[in-house]
Structure formats: structure tokens, C-alpha cells
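A.B. asks: My structure is below; once you've seen it, I'll send some questions.
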Protein chains: 4
Amino acid sequence: MPDEKKKYTTIHYHSYLQLDKITGAQKLRSAELEDQPAHEEMLFIIIHQAYELWFKQIIHELNSVVVMFKDDWVDERNLGTAVGRLDRVSEILRLLIQQIHVLETMTPLDFLDFRNYLFPASGFQSLQFRIIELILGLKEDNRMTYSGHSYKVVFTEEQKEQLGNIEEGGSLLELIESWLERTPFLELKNFKFLEEYQKAVHRMLDKEKQAIMDSAYLTDKEKEMRSKMLGGTDTYFKAVLDEDAHNKMRAEGKISLSYKATIAALLINLYREQPILNMPYNLLMSLKSIDELMTTWRYRHAQMVMRMIGNKIGTGGSSGHGYLAATAEKHKVFKDLNHIASLLIPRSELPELPDELKKELGFYFSQK
Amino acid sequence: MPDEKKKYTTIHYHSYLQLDKITGAQKLRSAELEDQPAHEEMLFIIIHQAYELWFKQIIHELNSVVVMFKDDWVDERNLGTAVGRLDRVSEILRLLIQQIHVLETMTPLDFLDFRNYLFPASGFQSLQFRIIELILGLKEDNRMTYSGHSYKVVFTEEQKEQLGNIEEGGSLLELIESWLERTPFLELKNFKFLEEYQKAVHRMLDKEKQAIMDSAYLTDKEKEMRSKMLGGTDTYFKAVLDEDAHNKMRAEGKISLSYKATIAALLINLYREQPILNMPYNLLMSLKSIDELMTTWRYRHAQMVMRMIGNKIGTGGSSGHGYLAATAEKHKVFKDLNHIASLLIPRSELPELPDELKKELGFYFSQK
Amino acid sequence: MPDEKKKYTTIHYHSYLQLDKITGAQKLRSAELEDQPAHEEMLFIIIHQAYELWFKQIIHELNSVVVMFKDDWVDERNLGTAVGRLDRVSEILRLLIQQIHVLETMTPLDFLDFRNYLFPASGFQSLQFRIIELILGLKEDNRMTYSGHSYKVVFTEEQKEQLGNIEEGGSLLELIESWLERTPFLELKNFKFLEEYQKAVHRMLDKEKQAIMDSAYLTDKEKEMRSKMLGGTDTYFKAVLDEDAHNKMRAEGKISLSYKATIAALLINLYREQPILNMPYNLLMSLKSIDELMTTWRYRHAQMVMRMIGNKIGTGGSSGHGYLAATAEKHKVFKDLNHIASLLIPRSELPELPDELKKELGFYFSQK
Amino acid sequence: MPDEKKKYTTIHYHSYLQLDKITGAQKLRSAELEDQPAHEEMLFIIIHQAYELWFKQIIHELNSVVVMFKDDWVDERNLGTAVGRLDRVSEILRLLIQQIHVLETMTPLDFLDFRNYLFPASGFQSLQFRIIELILGLKEDNRMTYSGHSYKVVFTEEQKEQLGNIEEGGSLLELIESWLERTPFLELKNFKFLEEYQKAVHRMLDKEKQAIMDSAYLTDKEKEMRSKMLGGTDTYFKAVLDEDAHNKMRAEGKISLSYKATIAALLINLYREQPILNMPYNLLMSLKSIDELMTTWRYRHAQMVMRMIGNKIGTGGSSGHGYLAATAEKHKVFKDLNHIASLLIPRSELPELPDELKKELGFYFSQK
């Protein structure tokens, strides 16, 4: 229980930030095991500690967003805050990518001065990094295996239990999917979005086919190629909009989001200028951004490992560069949101929303 | 012939920079082909023009370095300048990577407003980008094909001729390889680097095997695993140092640099603190840096294409994201320099250079 | 008039981007005036041309936002687009700041190789940069003079006319001020924002005074100091909220925004989570961000000039570093928005909005 | 004494990095003093802890460079290492500047949720930051006062003692000055650098005066202005090269480096392509870079404080923005190195070094 009088106690920078702990946590293995500590080992320790501080911050932000989405209904006044916190996570990830530049000031020869003393410690054992992946929604089935084993094999029993609890808790991916599925605008005031959208797609494709054929400027060969490309696009729209085809790909693990959630995401992307869809659109953009930055970080990290140890085995006995580069693509969580881009049609072809519906999607004040 | 008196003419910013040309070169297709120009098309044009300006600068720097290395002997006083210019290329590449953030402010829906008018223009048709790849040393055999065709198929006859001349000119990769092969320090004053190095590797591996076996702290299982890893490393050193094995891999296209050049690069890496090897070391680092940044740029560009068009075909009819992501790895030019990292041994194990040799590698002034 | 059939003509990268103009616009003065061109002059030309390309883009974005705000009423569906374009301007400014790193690869000694040939060309003669300042809203009265002269003295008659037209057109600062003044929420449904806010400020200050006095943890000296600081803050709130005091400072040129606009900006900052105030809040943040980045760019540019020429006169005969560093602070356009930060009170002290008012500020759909 | 057998113990990531300490050091004041912790306070704590981790790393690097320069003679093989470590400090400072972006995701209204609980803690109490300033060489006389008091007033007795010891230890500025003064090349083999340099300056200025007068392209008014500028430059060279004038400015606190050190720095800048001067040149560049980045960090920090609290008093009772902005310029340590830029003359005017001297400045191996 807060104590009003306590609010006016004083606090000093050094104790507030517990700097005795923070700056007293660097113990070089090379100092223990050699006559002369390896100068470069300090950087190795500090940079990983900085990463872990920021992982804690990321978890703090992601958890707070998960809480906002746990219920059946998300307060609109929270959506802006959720977007702000996810954007902060993106800003932190940009910092963590830049941080790799600092580690690149260590040369491979320098690393060899203390590398042997680190075995078998390795970034694979970062509990917080795995927690971040779990909160985002990376499923074990979608992971690269760790020399054939589950990623959990490197953790203690206590840590495995912690990971297990988070897995059950409900990830951002699952909660966002539920939230998307709950969107009320797919059928409103006699406007059936999906039907109208499909009609618009057909109108657009027919118009383009005709214009290609009528063109006075293309050669026959070019006309043939362009029609073929259009055909390809046509097939793509059909296959993806077909609920059965969608569910089939979902069963095969190629798609994560449910059909309903996908159509909702499409609506939000197409009509994002409608006031009530504006913040939902920003939310989807923020999730995509986090995914891309995690991917970039994994890739740059893989590059740095390649530079540092070439083709040798990594400190934890892993395959080093190859593994890390593969996770860059495979461990994407929100990749379905990128595929929405393939389903967009130009604004000029979008079905116009009836006035009655626009009113529903606008601000109360403005409707008078 | 310069005119002394002309040196004191005046010049104005606008005409010096030919801004009529620069700022008068933006002609929107959507303005020609629609009633209303697409606002976003300006950004698309400007950003690609900015890329091409910087490509011209990169070519200017790389060409000047090629000139320095064309002879049988590189002036030492030029080495520092060469490194400075290559580092400038790296700094420009960092800028070009950041530039992708600006294009990411365009949403996929916005891009659809004018995308159809661009066909079949595409980044594949950037002549300057191909020139950069050629000057660095990317061989046609090592390229991803362009839907089965040579990359040259998108250029005019005149442009193909220009590319052909540059291919014959001699790339940075070839010139650096020759320069490395010419290094005089591999056998100097009775010190045979390769022999001494191999002895040091064996000494090191034997010592480690023994320490693992004697360890009071490892379990038998851990001892077995660590010996096995050591064995793997052992084999690696042998395979790579064997000239026949090296040439075999080179014939298979897995390695670019000759055996002699590789050993020279290893020497430079190991003894870079010797004054005369300092700038050669920095040169190799600069080349690695350019390679990594080109790779990162390709990867981020692929990510952005994925975000912008999902799985649709790219503007030039190419496979878009997939192709670009693959070139990130495949089109590396100086990857052999990364493999040197696998051949390094700790400083504490390095053969000590005899004083007579250190004198040769130092400054004249300091030897007195 | 668009021609349907023309839409399917083809276009090639090189001609679409008019690369003959772009890459054919580099003419080195040192090549004209010396036997040997100065290698470094190419970078100098290219980097300034890149700046001018991006200045054109910034003007394109700012102009489009000015157009949105020119009327008596801004369409809500445009607000999000306006914010997106202003954020793009910020992203471009970040790129332009990073671009300075590239110019820093040129050493002072290298610059001396061609610097004398540039006289009197100088960045002061960048028309586009002045246009940007004018569109944002920098008034001539608030400018540093150019060795005692108006900044227009370096332009041709035609350019001066262009600048004059833009000055009359209406800047972003003026249009945003009008838009803020038009906000309807200052008095709505019996809720008088300013009255309620002032009551809340007094409540808050009284509560804090009492807590300081009652504190069991502060020494008398600390209590005295904290009360004094509170007193200072108290006076500050009063002075700024007083309409007469505000107008007096405005007449003295210390404040730009009108009293009404300032109060509106305060409301928007305090109640930004209300849906209809969310995008207006983001708009103010975007303007602040542009101001800060322009300031940072000016400062970093000044630093670079200092590094490049020390205390010598700049290429245009100006005082170089000193002038540039001073404009960093003096040429801020939206600094009033920063002062709003001094007027904020903690959320816990904010007057709660009556339900009837919250309904007005929310989405139509959600009110049912 | 190291234990050979201990080298093969194992270590785990979590304990190696002491993550219990690192991630267990975040204790929110708002959690103690309120019912509900302020979400944003976690970021505030984490970001400052990350800063302090990196400050520790910077101190580690700077101290190791101080050690290299403490003797009467610096081993050439160390110079490259020293430059590498100073460049690493620059890379870390770039990261710390970018880190400010993360704190900018906190809005002023959010900060108010917990700001009152921080009093009087403030960044002024960062011991490590003061240590960095001392090691670089910031003298107390050159500091901005802290509301009229010494900066040490905010520290404990123990901390003040620690600062005192470092002040006596010898800063980088002092050690670099001594090292510069020891340079043997100012008079070597009958080549007196300063004399030759002064002759070259006069030759250059006379030649330029004549060319201006003879110019067929300048108006009389332009000739007058250009001669006047040349006169200004002329006076500048004289004043700075005059030992008495230099010492007078040094006594007034306007210059830090001794006359002899300044001339040595000039020599190094002018003849940096000579092999033995190459690394000394890079060293001076690295110091300038650190100075500029510290300045940029201070400036961006000041901007952020302005954004966060407007004109209110900072958390420690200081004047906030104004103080911080002033230290950006005033607390520069190596500004004299920037002034060297004013003393450079074009390469084409440099006195050619006699062959005998070039031999001394080159590599031993190459002289044969």
C-alpha cells in the first residue's frame, strides 16, 4: 500500500539504477584461467549483457500488449497505446541490429584469445530470447531443430517450466488472430465485403485482359506474356480466397492465420483510411515491422558469426552460421501479413463503401 | 590545358551542380497515363535516381582503386588511399541500406496506384549496378540466372558492349589476388611461414587433446564430444592447407582465390601488427566489409519487395523476393576472405617471428 | 487526357529515370581548371546533387500536406495520410543526417585540392532548402542574417520571385495554427476545458505542497528547496495560461502560436487517447519530429564544416561554422509545440471527461 | 595462477553473464510508492542501465590506451591497436546516440506518471560519465558549473576520491600531447619542417594574390573582396604559427595543446601518406571522432530533455536543456585538432620531402 509521505523520500542515481549490480557483473573467464586477462573479453560480456537488458524491456512491452488483447473485447483507447509499445519494440530491435556493429570491431584473431574458455555457453541458452519468440507466437513445430533436438534441451528444469507456462499462456499471434476474427465489419448494413471484393477483382482482371488485347503498342509476344502473367495472378486470387484451399494450406503448416482472420486483415488494409480501421491498420503494420527486424537481426548475426569463425563450429557446438541464416526466414511469426500484400487491388478498383457504412466507421462527432 | 587566369572565374551553386538536369528529370508515368498523377510515384522515381547517383560514386571509387592495383607493384603510399576509398564505398553502402527505410514508408496499396505503368522496367536493368558487380569481380558463372537467361538479356547492344569491356578489364578480385600472390614475406630470412604455421597448428591441437583428456572437470561424455570437435577442426585445417585439396575445390567453383593468395591472406591476418602488414590487413578488411554490406543490401531489398508485393511477380516479370534473397548469399565476391577466419590460431600459439624478420617488416627509422 | 491503350506501352528503367540526365550532370571544376581532376571533387558534387533530389521530394510531400490544410475544414480521412507524409519527411531527414557521414570520409587536405575553384558557390544558394524553410514557416524576421543581408541576396531575380510567391502562399505553421484554432472541443457539452484544467493544476499544486510539508523523510532544507521549485513551476503555469501574458510574448517574437491554438494543442496532448484526438496528436508529434531533425541536421552540418575548414572562411565567404551552429536553434519553426510539454500534468490529475463528451470523441460504431 | 586443467571446465550462458544480477536490478519507484507501477518507468531504468554498461566498456578501452601512452616511448606495434580501440569507442558512441531514439518513444505525459519519484536522482550523478570526461582530459576549469558549484558536489566522499585519483593519473589529452611533442621528424636530415612550411605558405599566398589581380574574369569589386579574404587567411596563418601568440592564447585557455605538439600534429596531417606517419594520423582522426560524437550525444540529449520537459526544471533541479546544450560545445576536449584544418595548404603547394627523408619515413623492407 503506497505511503503518501514516502513519496517525498529522496533517491540517488547510483542506488536507483542498482549500479553496484550492473557494473559489478563482469567476470572474465580469461582472468580466471590465464595470467593475463584477454582485453577483448570485456566487450563480449558487456554486449551480451546489454542485449539481455533490452530483451527484458521487449518482454515487458510485449507482455503488456498481450494483456490488452486477452479479453473478448479490446478497448479502443488501448489500441493506440498497444501500437506505440509495439513500435517501441521495433525501435529497440533497430538498436540491437546496430549493436552488431560494435561487436564487429572485434577481429577473429582477438576472439580466439578467449573463445575456448566459453564452451559450451552460447546464445542458444538465452532464456529471454526464447521467451520473446514464444510471446510473439513461434511454435515449436516451425522451429529449426537444434542438431536434431528440441531447443529446450539447453535449459534447466526450472527454465523449461517457465517456457512451458508461457507457451500455454497465449501468444500475440493467437490473440491477434482472435481479435481479427471478431471484427464486425465484414458484413454490415447489407454490405458483404468478401462478395463485393471478389466482384471487384473479376471486374479488374477482365478490364486488364481487354486492355492488353486492344493495345496498339504491344507486340503479340508481349501480349501473350502479359496475359499469362495476369492469368497467374488470377489463379492466385482464386486459390487464396477459397476457404477450403486456405484451410488445406493451413493444415500443411504453410499458413498460420485462419481464413476469417485473413479476410479481416485484408479489409483493414483496403479501407484503412476509415477512422475506426486506422489504428487496427497501424497495429498490423507494427507486427510486420517487428517480424522484419527480428529477421534482419538474425541475418546480420549470422553474417557476423561467419566473419568471426568462418566455417568452424560455434561456441555451443552448433553449426554456427548455417543454422542462424536459416532461422532468419523460418522463424518468421507474422509472415501471413506480408501475403496480404498479394491480395490488394488498386484503390481505383475498390468497391465504394455505402454512405451508411462510412458513417458507422467514422467518428461520432463528425456524423452530425 | 588549364588557364591560370580562369581559376578565378566564379561559379554558382545551381549551375555547378547542374540542378536544372537533376531536378528536372522526374516525369511521372501516372501523370501521363491518368487524370491524376499518383502522389507516391515521385518517391519511387527520386529514390531510384538517388541510388543511381551513388552507384556512379561507387564506380568512381572502385575504378580508382583498380588503377592502383593494375601494375606489378603497388606503391605503399597508395595503399592507405585505397583503403580510405574502399571504406568510403562501405559508408555509401550503409547509406543505401538506410535508404530502404524511406521506400518502406510507401504502403503496398499506394504502390498499386502506379505499379502497372512501370512494366517492364525493373532494377535488373540498372547498368551501373551490374558494372559495380563486375568491377568487384562477380563472374557470370557464379550468378543466379535471370529466369534461365543471362543477366545481359535486359540490356541494349551498346550497354552489353560496355559490360563486356569491363569484364575484360580486370576486376578487383583478380587484381587483389595477384597482389596477394606477390607478397614477398612468405619466405624471408630463413623463416618459412607455412611450415612454421603448420607446426604451430599441430602443437596447438596436441596440447588441447591432452588437456581435455587430463581434465578433472569434464565427464567422459563431454571429453568425447570435445575431442570429436577438435578432430573436426583438425581435419579442417589439413584439408584447407593441402594445396591439391585447395585446387580441387577451386576447380569446383567453391573457392575463388588461388592457394598462394590464400596463404598470403592468412599471413597478413596473423601478423597484422607488423607495420608493413598493417595496411594490407586493413585492405582485406575493407573488401570483406563491402561484400557484407552488398549482401545486407540485397537481403533488405528482398525483404522490402516481399512486403510490397507479397508473392506476386515483380515489375520486371521476375520471381521477385525469392530471386533477390538467393543472390544475397550467392553473389558474394570476397567470401574466401571470411574463410580465413577458420584458419586462425590464437596469438599465444603463433610462431614468434625472428628479430631479423621483424626488422624487415618494421619502419626504417625505427631500426636504428 | 489519358489514353486507355497507352497504358500498355512499355518503359525501360534507364529512360523512365532519365539516367542520361542524372548521371551526366557531374562536371568537375578541377578537370576544367587543372591538368588532373581532383578525385575527391566527384563526391562533393554527387552528395550535393543527392541532397537536392531529396529536397525536391521533401517539397513534394510538404506541398501536398499544405493543400490538405488550406480549407476551412480538413477531411478526417486525410489526417492519417498527412501524418504519414510528414513522417516520411522525418525519415528522409534521418537519411540526410546519415549522409553527412559519407562527406566526412573526405579529409580537409583532400578538400583543399579543389576548394578554391568553388568560390563563391555555397549551400546558401540552395533554392530548394530555402523553399523548405518557407513552406514549414520560417519567417524572415526569425532568421540569422547573412553577413547583415537578407538571405535572398544570393538568388537571381527569378528565384527571389519564386520565394516571394511561396511566402505569400501560406506556410504549414500558419495553416496548422488555423486548424488548431478551429478545434471544436474546447467547450463541448458543458465541459469547459480550460477552466477544468486550471482547477486541476491548482488542486495538484496544493496537494504537492502539503505532502512536502508533511513528509517524514525530508530535511527542512530539502523541504524548503522543493517548495521553492514548486513555486517556480506554479508561476510558470500561471504566466503561460494568462492570455495577456501569452500575447505579450507573442508580440515580442518569443512565441509563434496564438493563445487559442496553444490551448487546443494542450487539449490534444492531454486527451490523445480519445479516438478523435489520436490522429491530431500524431500530427503534432510529426511536426516536432521534423523540427528536431532539421535542427540536428544543421548542427551536424556545422560540426562537419568545423572539421573541414577549422576557423577559415567558408566557400561562400560566410563565417562558416559559427553561423550554421546558431541557425540550429534559431531556425526552429515549431518550438512552441515543445513548450506544451511544460504545461502537462500527470494523467492521475487530469479532469475526467464526462461520459457525454467521451461519446462525442469516440467512434460512431462503438457508441451503440 | 592459472590451472591448466581448469581450462576445460564448462560454463553456462546465464551464469557467465551473471544474468541474475543484470535482469534482477530493476526496481520501479512507482511500484513502491503507488498502487499501480508506471509501465514507462521500466524503460527509464533499463535505458540508463544500458548506458552505464557501455560507459564501463568505454572506460575499459580508454584506460587500455592510456596505459600504452604512459611511457616515454610508444611501441609502434601498439599504435594500430590503440587506434582500433578508440574507433571502437566511436562505434559505441554512435550506438549511444541512436539509443536516444528509444527514449524518445516515451511521451512527456508518460514521463509525468513517475517523474516526481525520481527526485533528486539525475544523470549528473553518473560517476562513470565523469570518469570518461576525466580520462579524455576535460579540465575542471573548462567545465560549465553546476548551478555555480563544482560538478563533484553531487558525489559521495568515496566517489570524489576516485575522481581525484583519475585527475592525477594523466589524461589522454596530456599523454597525446607528450607523444606529439616527442615526434622526431620535425628536424631530420637537414629538413626543417616549420621553415619549409612557412616558405610554402608565403609562396602560395603571393601566387594567389597575383592570380586574383591578373584575373580577366573578376570585377574590381570581386578582386577587392577576394584579396581581403586572402589577407584574412594570411593573418591567420601568421598568428597561429607565432609561438608567442600561441602561448598567449594557451594562457587564456583558448588553446590546450602546446606549440610543439600543434606543429607535430600539422606535420602528421600534411604528410600522412608517409608510412610511419600513417597510423599517427589515424590516431588523431580517432580522437577527433570521439570528441565530435560526445558533442553530438550531448546535443541530442539536450534536445530530448527539451522535448520531454519543455522549460521546466530537470529531475535534479538543474536548468535542464540550457545547461546540456551549452556543454555540447564547451566540453570538447580535442578541439585543437580541428583547428589544424585551418593550417593546411593544398598538396600541390606542400614542400616535397627530400629522398633521404622519405627513406627514413618508409618501411625497412622497401628501402632495398
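Any read-out appearing in this document is the output of simple, stated calculations on the displayed coordinates, not a laboratory observation. If you're wondering where the values come from, they're calculated on a predicted model, not measured in any experiment. Note that we place each Cβ from the backbone using ideal geometry, even for glycine, and neighbour counts take in every protein chain shown.
A.B. asks: Say each of D:Ser227 and D:Asn165 gets a label point 7 Å from the Cα, pointing the same way as Cα to Cβ; how far apart are those two points in nm?
C.D. replies: In this crude spin-label approximation the distance works out to 6.5 nm.
A.B. asks: Where the only charges are on Cβ atoms (+1 Lys, Arg; -1 Asp, Glu), what is the dipole of the stretch A:177-266 about its Cα centre, to the nearest 20 debye?
C.D. replies: 80
A.B. asks: Is there a simple number for the mean count of other chain Cβ atoms within 10 Å of the Cβ of residues in B:61-67, and what is it?
C.D. replies: 1
A.B. asks: Pull out a ≥ b ≥ c, the square roots of the eigenvalues of the alpha-carbon gyration tensor of the stretch B:4-361, then state rounded if a/c is under 1.5, prolate if not and a/b is larger than b/c, and oblate in the remaining case.
C.D. replies: prolate
A.B. asks: Now a separate question. What does the charge dipole of the protein assembly as shown about its Cα centre add up to, to the nearest 20 debye, if the Cβ of each Lys and Arg holds +1 and the Cβ of each Asp and Glu holds -1? Each step should come with its number before you reach the end.
C.D. replies: On the way: 188 positive and 216 negative charges, 1 e Å.
The calculation lands at about 0 debye.
A.B. asks: Going down the table (A:Lys56/D:Lys56; A:Lys160/A:Lys330; C:Lys221/D:Lys330; B:Lys70/D:Lys207; D:Lys152/D:Lys254; C:Lys56/C:Lys254), which pairs top 29 Å between alpha carbons?
C.D. replies: From the list (A:Lys56/D:Lys56; A:Lys160/A:Lys330; C:Lys221/D:Lys330; B:Lys70/D:Lys207; D:Lys152/D:Lys254; C:Lys56/C:Lys254), the Cα-Cα distance tops 29 Å for C:Lys221/D:Lys330; B:Lys70/D:Lys207; C:Lys56/C:Lys254.
A.B. asks: Pairs of Cα atoms under 8 Å, at least six residues apart: use those to get the relative contact order of the stretch A:4-361, whole percent. Let's see the in-between values first.
C.D. replies: Values: 302 pairs, mean separation 83.3, N = 358.
About 23 percent, as a whole number.
A.B. asks: Per residue of C:269-275, what is the mean number of Cβ atoms on other protein chains within 10 angstrom of that residue's Cβ?
C.D. replies: Mean number of neighbouring Cβ atoms from other chains: 5.
A.B. asks: For D:Lys192, list the lysines whose Cα falls under 20 Å from its own Cα; do not include residues on the same chain fewer than 8 positions away.
C.D. replies: Excluding near neighbours in sequence, the set is D:Lys238, D:Lys260, D:Lys358, D:Lys359.
A.B. asks: Where the label is 7 Å out from Cα toward Cβ, how close does C:Trp73 come to the same position in every other copy, in nm, shortest first?
C.D. replies: Spacings between copies for this position, smallest first, are 3.2, 8.4, 8.7 nm.
A.B. asks: Taking the Cα centre of the stretch D:92-184 as the origin and placing charges on Cβ (Lys, Arg +1; Asp, Glu -1), which of D:Val154, D:Ser122, D:Thr107 is farthest toward the positive end of the dipole?
C.D. replies: Most positive-ward Cα: D:Thr107.
A.B. asks: Which shape class applies to the stretch C:1-90: rounded if a/c is under 1.5, otherwise prolate when a/b exceeds b/c and oblate if not, where a ≥ b ≥ c are the square roots of the Cα gyration tensor eigenvalues?
C.D. replies: In terms of gyration-tensor shape, oblate.
A.B. asks: Say R0 is 25 Å: what FRET efficiency, to the nearest 0.05, do D:Glu329 and C:Lys152 get from their beta-carbon distance? Each step should come with its number before you reach the end.
C.D. replies: Values: r = 30 Å, r/R0 = 1.19.
Result of the calculation: an efficiency of 0.25.
A.B. asks: If you don't mind, another one. Cβ under 15 Å from C:Val74's Cβ, C:Val74 left aside: what net charge do those residues give with Lys, Arg +1 and Asp, Glu -1?
C.D. replies: -4
A.B. asks: What nm distances, shortest first, do you get from the label point of A:Glu252 to those in the other copies when the point sits 7 angstrom along Cα to Cβ?
C.D. replies: 3.3, 7.4, 8.1
A.B. asks: When we measure straight from the Cα of B:Lys189, which aspartates and glutamates land under 15 angstrom away, once same-chain ones fewer than 8 places off are left out?
C.D. replies: B:Glu352, B:Asp355, B:Glu356, B:Glu360
A.B. asks: Also, quick follow-up: Considering amide H positions built from the backbone, and no H for Pro or chain starts, which residues 5 or more places from A:Phe191, or on another chain, come under 5 Å of its amide H?
C.D. replies: none
A.B. asks: Can you give the angle from 0 to 90° between the axis of helix B:220-241 and the longest principal axis of chain B, with both taken from C-alpha atoms, to the nearest 10?
C.D. replies: Compared with the principal axis, the helix lies near 70 degrees.
A.B. asks: Further question: Nothing charged except the Cβ atoms of Lys and Arg (+1) and of Asp and Glu (-1): what's the magnitude of the dipole of the stretch D:4-361 about its Cα centre? Round to the nearest 20 debye.
C.D. replies: Charge dipole, the stretch D:4-361, about its Cα centre: 300 debye, nearest 20.
A.B. asks: Separate question: Measuring from centroid to centroid over Cα atoms, what is the spacing of the stretch D:24-44 and the stretch D:323-347 in Å?
C.D. replies: What the calculation gives is 42 Å, centre to centre.
A.B. asks: Oh, and also: Based on DSSP H runs of at least 4 residues, each adding -39500 (n - 2.57), what is the mean residue ellipticity at 222 nm of chain C after dividing by all its residues, to the nearest 500 deg cm²/dmol?
C.D. replies: -20000 deg cm²/dmol
A.B. asks: Something else now. At q = 0.09 Å⁻¹, what is the log10 ratio I(q)/I(0) for the protein assembly as shown, with the Debye formula run over Cα points and no solvent?
C.D. replies: -1.56
A.B. asks: Could you tell me which residue out of A:Ser64, A:Trp179, A:Met279 lies farthest along the dipole of chain A toward its positive end? Charges go on the beta carbon: Lys and Arg +1, Asp and Glu -1, centred on the Cα centre.
C.D. replies: Looking along the dipole axis, the top candidate is A:Met279.
A.B. asks: Within 10 Å of each Cβ in C:338-348, how many Cβ atoms from other chains are there, averaged over the peptide?
C.D. replies: 6
A.B. asks: At 7 Å along Cα-to-Cβ for each site, give me the label-to-label distance between C:Asp72 and D:Met68 in nm.
C.D. replies: 7.2
A.B. asks: Find every distance from the label point of C:Ser348 to the corresponding label point in the other copies (7 Å from Cα along Cα→Cβ) and write them in nm, one decimal, shortest first.
C.D. replies: Computed spacing set for this position: 5.6, 5.7, 7.1 nm.
A.B. asks: Enter the angle in degrees (range 0 to 90, nearest 10) between the Cα long axis of helix B:157-169 and the first principal axis of the Cα atoms of chain B, meaning the one along which they spread out most.
C.D. replies: Approximately 20 degrees, to the nearest ten.
A.B. asks: If you draw the axis that swings chain C onto chain A, which residue of C has its Cβ closest to it, and how far is that in whole Å?
C.D. replies: Taking the axis that maps C onto A, the answer comes out as C:Tyr364, 2.
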